[in-house]
Each structure stands twice: as structure tokens, then as C-alpha cells.
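Working notes, structure below.
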Amino acid sequence: MKNIPVILMGCGGVGRQLLQHIVSCRTLHANKGVRLRVVGVCDSKSCLVARDALSMELNDTFLTDICRIKSDGLPLQTCIDPGNYEAFPYPESMRKLTDIATRLAFALIDCSASSETIEVINQAISLGCCAVLANKKPLTCSMEEFDKLFIQPRRIRHESTVGAGLPVIASLNRTLGYVMSEVEDGKPFSEVVKAAKGLGYTEPDPRDDLSGMDVARKGLILARLLGHRMDMSSIKIESLYPDKMGPNAMPLEDFLVNGLPSLDDDIKERIKKASSNGNVLRYVCVIENSRCNVGIQELPKESALGRLRGSDNVVEIYSRCYKEQPLVIQGAGAGNDTTAAGVLADILDLQDLFP
């Protein structure tokens, strides 16, 4: 049996779903000769690790309990068993992960939404560990930090940062695609956004999606992987709300209750105008040469993007081999379950690096 020690950072919707996938797929993985041995789980406040990470792990009952506790909005320390597990507060927990990496090669899984995980990811990779990312922020840091992450490219996997479970990188944000297709049916923009948040399609603060930043991060990741030396400041981004409604100017609850509804009429008018031209509105990221633009475009109803409904994602790739007829990748591109499945596939793809 090939054992892959795993440490998870982030116990939000994707992180919890990943733990549930790991537990439910035990028999399938065992039949393939693989066991994912979860030795640590971290949230934004603390890290909980097996007392001896070399020989112990967090058992499946305990992992299920973690999912329940975090679903209730409680901190990890609520479910500590002092006999078998230790808890370390942040930032001591980050130092603990580095300490474990000096003694044990593990797969560090970043399902958080934090920009502060890049340091421990870099340290872990430099010590011979691997990293799997659903978190986009480490890949959209400075080019200097980005280059460090890819000094050993085989040790980092990041498919779920762009297309959830779709193989976009191996061959963008459908949250706004879902919103655009739903408002076409006459639903108020504000109600659709709240529904998307309830379904887990948006970031915890939906303004991260509505600002275009989530799409821009994915575009930046793809552009860099295509070889463009680009930073976020190079991308032209269209936000769906004004600066006065931004996170630094308006609390989240105030935005959901008062800010969102005030945007309904403008979006409705844009939908009506596009329809009169025989088109639909889609929020699109275009990468061409060294240019990356993110924003709303009017597109023909029968185009690949125009036909999209719900949370499906579509990527069209024009290249030397696909000049006239693009390579099209389409499928579910949002949701915790889909993203967690992509993360799990990335973890299993690393198994040849473990003894």
C-alpha cells in the first residue's frame, strides 16, 4: 500500500468536501493500492495534527467530526482529543507545518482563501514535500514568488484553481456565468447573487466574484502558465459594483441587504439592450498574446459562451493546432463538490513521488 501523508489548510466548503471524499473513497483507493493518510488539518485560527505524524493519522471518525464542527461555524479546537492530537494556534501552526516537513514528505493541500499560505507552501516544497492548490491567491502573487513555486514544477498541482473539476490547465469563473444566465430569465440580479452564494458558487464575500477579481486571478494563472510575465495590474477588469460598495467601504451584510438591490435596474437594462441586438451578456476573460481583459461582453446566443446555462464552465482555446475550430472544454465549473474532486485528482496524481 502506497501511503500519502496529507495536511489540509482550509476547512471551508471545499476543504470539508475534500475530507468527505477522502473518507468515502477509502475502499476505491485501497483497491488501487493507495491510502491518503490525513495527519493534519488547519483553519484560519489553528492547526490540529496527529501527535506523531510519522506513524499516526486523524482517523475517519475524527475527520467526519471535524466536518460537522466546521459546518457549524466552530473552531477546530472544539473537537480536540488531547490523547492523540495536538493543536497549535496561528501563526505557530505554520511553523509546526514547516517542522513536520523537515521529517516527513507530505502533500500540503491549500483549500483556503488566504494569501498568507504562500510562505509555508514554498518552504514545504523546498523541503521535498508536494503542494496541491484550490486557492488561487498564491499563484497570483508577485512574479518572484510565482517563480519560486515552480522551481520544482512536478511537486505542485493546481488544476482546481481555474476550472474547478475541469482539466483546463492540463489540456473561468462560472459564478458570473451562472449569474448572467439566470438574470436572462427575468430574475433580479440581487436575488440571483444571493442564490449563488447559498449554493456555494461564490466566494465567502460575493464581491470577490462581482468585482471580477476571482476571474482575473484565474486569467492571470493561465496567462503566466502560457509564459506571459504578467501581474494583476496588467489586467483590465470590469467590476459589477461601484467602489463605494467595496469591502473597505461597506460591510458585507449591508452590501447584501442594501447594496445589491440597487444594482438590479442597471443589469436589467443591459440585459434588455443585448437581447434587442439578438445577443446575451456573458462575463468573459480573454487572453490574447500578452493582453488579458475581464468583463461583460455581448455575445451571440448560439455561440459556445452564449449557450451556457447554470454553473457550467467553458474554455475555448485557439492555437496553432486549433486555428479555425477551437478546442472547447465544458462542464461543471463551480461548487464545492466539483472543486474538491479536482483537488483529490491532483493529490492522486502525485502518488509516484511517494514511496
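Out of all the residues in segment 98-122, which are under 21 Å from the mean Cα position of the chain (by Cα) and either assigned to a helix (DSSP H, G or I) or at pLDDT below 90 (or both)?
Listed by number, the residues that qualify are ALA113, SER114, SER115, GLU116, ILE118, GLU119, VAL120, ILE121, ASN122.
Can you name the residue in segment 1-27 that is β-branched (Val, Ile, Thr) and in a helix (DSSP H, G or I) and is also farthest from MET56 (Cα to Cα) among such residues? Talk me through it step by step, then tell me what you get.
Applying the first criterion (β-branched (Val, Ile, Thr)) to segment 1-27 yields 4, 6-7, 14, 22-23, 27.
Then keep just the ones that are in a helix (DSSP H, G or I); that gives 14, 22-23, 27.
Numbers: VAL14: 24, ILE22: 17, VAL23: 16, THR27: 20 Å.
Only one residue fits best here, namely VAL14.
Name the one entry in PHE88, PHE62 that is assigned to a helix (DSSP H, G or I) and of a type in the set (Phe, Trp, Tyr). Walk me through how you get there before you give the answer.
Working: PHE88 fails: assigned to a helix (DSSP H, G or I).
Answer to the selection: PHE62.
Could you check segment 133-167 and list, in sequence order, the residues that are assigned to a loop (DSSP other than H, G, I, E, B) and open to solvent by 10 Å² or more (accessible area, probe 1.4 Å)?
From segment 133-167, those assigned to a loop (DSSP other than H, G, I, E, B) are 134-136, 141-142, 150-152, 158-159, 164-167; that's our starting set.
Scanning segment 133-167 gives ALA134, LYS136, CYS141, SER142, PHE150, ILE151, GLN152, HIS158, GLU159, GLY165, LEU166, PRO167.
Go through segment 1-51 and count every residue that is farther than 22 Å from ILE125 by Cβ, open to solvent by 10 Å² or more (accessible area, probe 1.4 Å) and in contact with a strand residue (DSSP E or B) (Cβ under 6 Å, 6 or more places away or on another chain).
Residues in segment 1-51 being farther than 22 Å from ILE125 by Cβ, open to solvent by 10 Å² or more (accessible area, probe 1.4 Å) and in contact with a strand residue (DSSP E or B) (Cβ under 6 Å, 6 or more places away or on another chain): 4 in total.
Within segment 114-132, how many residues are farther than 22 Å from LEU348 by Cα and open to solvent by 50 Å² or more (accessible area, probe 1.4 Å)?
Qualifying residue count for the region: 3.
With respect to ARG320, is the statement that it is closer than 24 Å to PHE189 by Cβ, more than 24 Å from the chain's Cα centre (by Cα) and of a type outside the set (A, V, I, L, M) true?
Numbers: closer than 24 Å to PHE189 by Cβ: no; more than 24 Å from the chain's Cα centre (by Cα): yes; of a type outside the set (A, V, I, L, M): yes.
Taking the combined requirement at face value, the residue does not satisfy it.
Report whether or not ARG229 is assigned to a helix (DSSP H, G or I), in the same structural domain as VAL179 (by TED's automatic domain parsing) and within 22 Å of VAL315 (Cα to Cα).
Values: assigned to a helix (DSSP H, G or I): no; in the same structural domain as VAL179 (by TED's automatic domain parsing): yes; within 22 Å of VAL315 (Cα to Cα): yes.
When the stated conditions are applied, ARG229 does not pass them.
The values are calculated or read from the model by the stated rules, or taken from the named source; none is laboratory data. The shown structure was predicted, so the numbers you read here are calculated from the model rather than taken from an experiment. Quick reminder, even Gly has a Cβ in these numbers, built from the backbone with ideal geometry, and neighbours come from all protein chains shown. Calculation scope for accessible area: heavy atoms of the full protein, side chains included, ligands and nucleic acids excluded. Shrake-Rupley method; radii C 1.70, N 1.55, O 1.52, S 1.80 Å.
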